[in-house]
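A short worksheet on the structure shown next.
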Amino acid sequence: MPASNTASNTAMAGEIAKFDALATRWWDPAGPMAPLHRMNPLRCGWIARRLAAATGRAGEDLSGLAILDVGCGAGLASEGLARKGAAVTGLDAAGEALAAARAHAAAGGLSIDYRQGLPEDLAAEERRFDAVVALEVIEHVADRPAFLAALAAVTRPGGMVFLSTLNRTPKAFLFAKLGAEYLLRLLPRGTHDWRMFVTPAELGAEARRAGLRTTDIAGMVPGLPRQEWRESRDVSVNYIVAMRRD
């Protein structure tokens, strides 16, 4: 699929270029995506358990389910979900990141359908998935309501949408912006714009207008240095949400 026009409702050219520039180091667990590497087991496990329960499966079994990973980057979540049995389509507007995703999946013997484009492209093709995930993506899009509507459009009725993002709180500004980017240098400077963070209430209201109903929410907090993240009731910084399409 050719790259979509960056003047579309949801894509931002600057954000695409930002993540394309990180493509060659995306899979380095000690590189600029190190926080996502440590967060990924929590994200994928949380999603898998809820999706398996909603579809009558045990544990984290996703076999036979078609999942779309929107804003997949170089494929961290795509590979995590594929290893749990899902048939995964990874979608991103960043071509260099997708090239890294395809190479890494091939090296690991994983069959993942990586496509360049936007969710509205697949909606125009009338594609539908059992579940759609967009992890650490919505804080980088140009139009949240349009993005949520596109996610709903590519989810089958009764299917699920999973989002993870950052809350717009003073604590998130301190830890996720100043701390992570400037003090600890866990992320490249300029990775996030605090003004684009979204509160759970805002996200829930916008999702309802798109035909999505929130069914679960949890906070995600980092463990000790070099340890994986853990689930928490504290949603003041990072949080993950499950939604069902009506």
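Any read-out appearing in this document is the output of simple, stated calculations on the displayed coordinates, not a laboratory observation. Note that the coordinates shown come from a computational prediction; the quantities given were computed from them, not determined experimentally. Glycine gets a Cβ as well: all are built from the backbone with ideal geometry, and neighbour counts include every protein chain shown.
Taking 0.36 nm per residue of separation and subtracting the current Cα-Cα distance, fully stretching the chain between Ala17 and Glu228 would add 73.2 nm.
Restricting to Cα pairs below 8 Å that are 6+ residues apart, what does the relative contact order work out to for the chain? Please round to a whole percent. The value is 19 percent.
Rounded to the nearest 500, the helix-only mean residue ellipticity at 222 nm of the chain stands at -9000 deg cm²/dmol, with each DSSP H run of n ≥ 4 adding -39,500 (n - 2.57).
For Cα Rg over 2.2 N^0.38 Å, the value calculated from this model appears in [x] 0.92; [y] 1.04; [z] 0.97 under label [x]. Among Glu228, Glu125, Glu206, the largest mean-square fluctuation in a Gaussian network model of the chain, built with springs joining Cα atoms closer than 10 Å, belongs to Glu125.
If I take R0 = 35 Å and measure r between the Cβ atoms of Ala142 and Ala30 in this structure, what FRET efficiency does the formula 1/(1 + (r/R0)^6) give, to the nearest 0.05?
0.65
Between Ala106 and Asp246, the C-beta separation translates, for a Förster distance of 41 Å, into a calculated FRET efficiency of about 0.60.
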